[in-house]
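K.L.:
Handing you a structure now.
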Amino acid sequence: MASAPPIYAPENVGGGGGAEGLLRISWEPLPRSKWGSFAISYIMYYRLQSEDKNQGLWETVKTNRTFFNKVVGLDNYYLPYTVKVQAYNDQGPGPNSTEVIVMSAER
């Protein structure tokens with residue numbers, strides 16, 4: 001198998017729900033035929049949504065899973081977060097998914 005970075009982005013990025021003070025994010029795993037290598041991982045990006053699109057740095061998390069739970073604190077309930085996910089392998093990163101809005105859990 002010839003190796004190359006993934007050329008497809010993860011799909012169906014979403015999330016929400018869970019316990020109060022939790023940001024839950026999930027996505028569909030990239031099918032093995034789209035990995036471009038023998039193994040794949042994901043980089044998940046998130047930031048609190050703001051009216052100023054240039055404000056707020058992306059927080060990043062590397063994971064082998066297709067979900068992520070972040071404790072955002074009891075004071076940060078039901079807030080919108082901008083989220084995107086990127087697959088990567090030993091040859092490099094693939095494209096980012098479409099950005100979506102995910103709400104942290106309600107009280």
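The values are calculated or read from the model by the stated rules, or taken from the named source; none is laboratory data. All figures in this text were calculated on a predicted structure; none of them were measured in a lab. Every residue, glycine as well, gets a Cβ built from its backbone with ideal geometry; the counts of neighbours run over all protein chains shown. These accessible areas exclude ligands, DNA and RNA; they are computed on the full protein's heavy atoms, side chains included. Shrake-Rupley method; radii C 1.70, N 1.55, O 1.52, S 1.80 Å.
K.L.:
Principal axes first, then extents: for the Cα atoms of the stretch 18-70, list largest minus smallest coordinate on each axis, whole Å, largest first.
P.N.:
So the extents along the principal axes, rounded to whole Å, are 39, 29, 14.
K.L.:
How large a share of the accessible area of the chain, in percent, is made up of carbon and sulfur atoms when the probe is 1.4 Å and the other protein chains stay in place?
P.N.:
49 percent
K.L.:
Could you order the peptides 85-95, 32-42 from most to least packed, using the average number of other C-beta atoms within 10 Å per residue?
P.N.:
85-95, 32-42
K.L.:
Work out, in µm²/s and without decimals, the Stokes-Einstein translational diffusion coefficient of the chain at 4 °C, 1.567 mPa s, Rh from Kirkwood over C-alpha pairs.
P.N.:
91 µm²/s
K.L.:
State in Å² the accessible area per residue of the stretch 11-103; use a 1.4 Å probe, count heavy atoms of protein chains only, and round to the nearest integer.
P.N.:
Here the residues of the stretch 11-103 average 60 Å² of exposed surface.
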